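The values are calculated or read from the model by the stated rules, or taken from the named source; none is laboratory data. Source: prediction; values computed, not measured. All Cβ positions, even for glycine, are placed from backbone atoms using ideal geometry, and neighbour counts span all protein chains on display. The area values use the complete protein model at the heavy-atom level, side chains included, leaving out ligands, DNA and RNA. Shrake-Rupley method; radii C 1.70, N 1.55, O 1.52, S 1.80 Å.
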Amino acid sequence: ETEDGMHDSYYSDNDIDRILYQYYKANGGCLMGNPYEGQYPHCQLLLDMDTAPLSVAPVITSSSRYGYGLTCAAYTQAELTYPYHLDLRPSTVLRKGADMITKQGIKVRYRDLDSQYLIKSGNPAFTQLILPGSNLADLLLQTRAFRVRIEPVAEEKHLHTVQVLREKSLGSEIQGKTISLEELPLMIDLCRAAAYAVKSYAMPEQNQGTD
């Protein structure tokens, strides 16, 4: 350990790693890393290895001399016909003002989804098809703790990354609360559901625009 404290952060107790370990003990999968060793959260939980592999891991979102900001994310991939962008972000009181000014969200008119989430997509017609047509919307309405993003990998036209990130709330970094064992199954279900939703429907042909 260094004496200057620069390595210290609110997460040096590897909280995320231990939550991944608890999930692994209860549900199986493949756990990489050791939740009781190392300075920083580093473990990775691999699930659904025989079907569509899914990874859950800590992700650094920011850093400063006092430590670093961290969240937890679930990742999988999907092969799609055309490049597709989707960003589902929980609405907050602070963000709603900016959202109203920009008017960038699209509407899917399913339950309360439009008021609970800012929905951005380069293909609104496909988004309006898949959200009500899968269980993704219902899972999203159980919580506003997560952001869902789907986008092409690098310059690939067909390979897409599907990401579910624990959305930061004000003060969450200070409390060091990134994700709980209770939230983790829902995050994993959201990732599975998002990938299933985009793979289950034929994507209409589109002009190759993005958001």
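For the range 141-166, taking the residues that are within 16 Å of K199 (Cβ to Cβ) and part of a loop (DSSP other than H, G, I, E, B), the one that is most open to solvent (accessible area, probe 1.4 Å) is identified as K157.
Each row is one residue, and each column tells you yes or no for (1) modelled with pLDDT under 85; (2) out of contact with any His (no Cβ under 8 Å at 6 or more places or on another chain).
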position	(1), (2)
Y84	no, no
P90	no, yes
A98	yes, yes
T102	yes, yes
D112	no, yes
S115	no, yes
G122	no, no
A125	no, yes
P132	no, yes
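Only residues that are more than 15 Å from the chain's Cα centre (by Cα), crowded, with 16+ Cβ neighbours inside 10 Å and modelled with pLDDT of 80 or more were counted in the range 45-71, giving 2.
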